[in-house]
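I have placed the structure first, in the form of structure tokens, so that the comments after it can refer back to it.
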Amino acid sequence: MYAQLIEGGTTPERRAEMDRIVTDEMVPALKDEPGFAGALNLVDRDSGNAMMIVLWESEPQARRALADYGSAFLKALANVAAISTGTRRPISVWAVNARA
């Protein structure tokens with residue numbers, strides 16, 4: 001299993017809107033992606049910053065290009081980007097060596 005670590009955020013005032021996009025658009029779109037195994041969205045409500053951990057069954061699935069994702073996910077990602085603030089780090093991929 002592999003995990004993508006996605007870091008970003010928005011202003012505290014727009015945090016609820018970002019949460020809605022992640023919950024109502026992004027995660028449902030990810031469920032349609034091959035190899036998707038789960039996601040966690042970690043949020044600091046005071047700063048508006050967040051980290052999302054997306055789990056994949058294989059390394060190639062975790063490393064594939066954004067152009068290979070479905071249109072629903074790309075639309076959700078565009079909606080997130082539209083209200084994102086600050087510097088976003090590149091998505092990193094990690095091997096998962098423990099799970100419950």
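So here's what we get for this one:
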{"read-out": "Cα-based helix-to-principal-axis angle, 71-83 vs the chain, degrees rounded to 10", "value": "30 degrees"}
{"read-out": "Value at 222 nm in deg cm²/dmol, rounded to 500, when DSSP H runs of n ≥ 4 in the chain each add -39,500 (n - 2.57)", "value": "-7500 deg cm²/dmol"}
{"read-out": "The chain: relative contact order in percent, alpha carbon pairs under 8 Å with at least 6 residues between", "value": "48 percent"}
{"read-out": "Cα-Cα pairs of the chain separated by more than 18 Å (percent)", "value": "45 percent"}
{"read-out": "The chain, accessible surface, carbon-and-sulfur percent (1.4 angstrom probe)", "value": "54 percent"}
{"read-out": "Solvent-accessible ranking of Glu57, Glu7, Glu33, largest area first, probe 1.4 Å", "value": "Glu57, Glu7, Glu33"}
{"read-out": "Cα-centred dipole magnitude for the stretch 1-49, charges only on beta-carbon of K, R (+1) and D, E (-1), debye, nearest 20", "value": "60 debye"}
{"read-out": "Residues with amide H under 5 Å from that of Asn49, placed H, sequence gap 5 or more", "value": "Thr10, Asp44"}
{"read-out": "Cα-centred dipole magnitude for the stretch 41-100, charges only on beta-carbon of K, R (+1) and D, E (-1), debye, nearest 20", "value": "80 debye"}
{"read-out": "Base-10 log of normalised Debye intensity for the stretch 43-100 (one unit scatterer per alpha-carbon) at q = 0.18 Å⁻¹", "value": "-0.85"}
{"read-out": "Positive-pole candidate from Thr23, Pro12, Tyr2, dipole of the stretch 1-62, charges at beta carbon", "value": "Pro12"}
{"read-out": "Student exercise, the chain dipole from Lys, Arg, Asp, Glu Cβ charges, in Debye to nearest 20", "value": "140 debye"}
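The values are calculated or read from the model by the stated rules, or taken from the named source; none is laboratory data. Predicted model only: the values in this text are computed from it and were never measured. Positions of Cβ are backbone-derived with ideal geometry, glycine not excepted, and every protein chain shown enters the neighbour counts. These area figures cover heavy atoms from the full protein model, side chains too; ligands, DNA and RNA do not enter into them. Shrake-Rupley method; radii C 1.70, N 1.55, O 1.52, S 1.80 Å.
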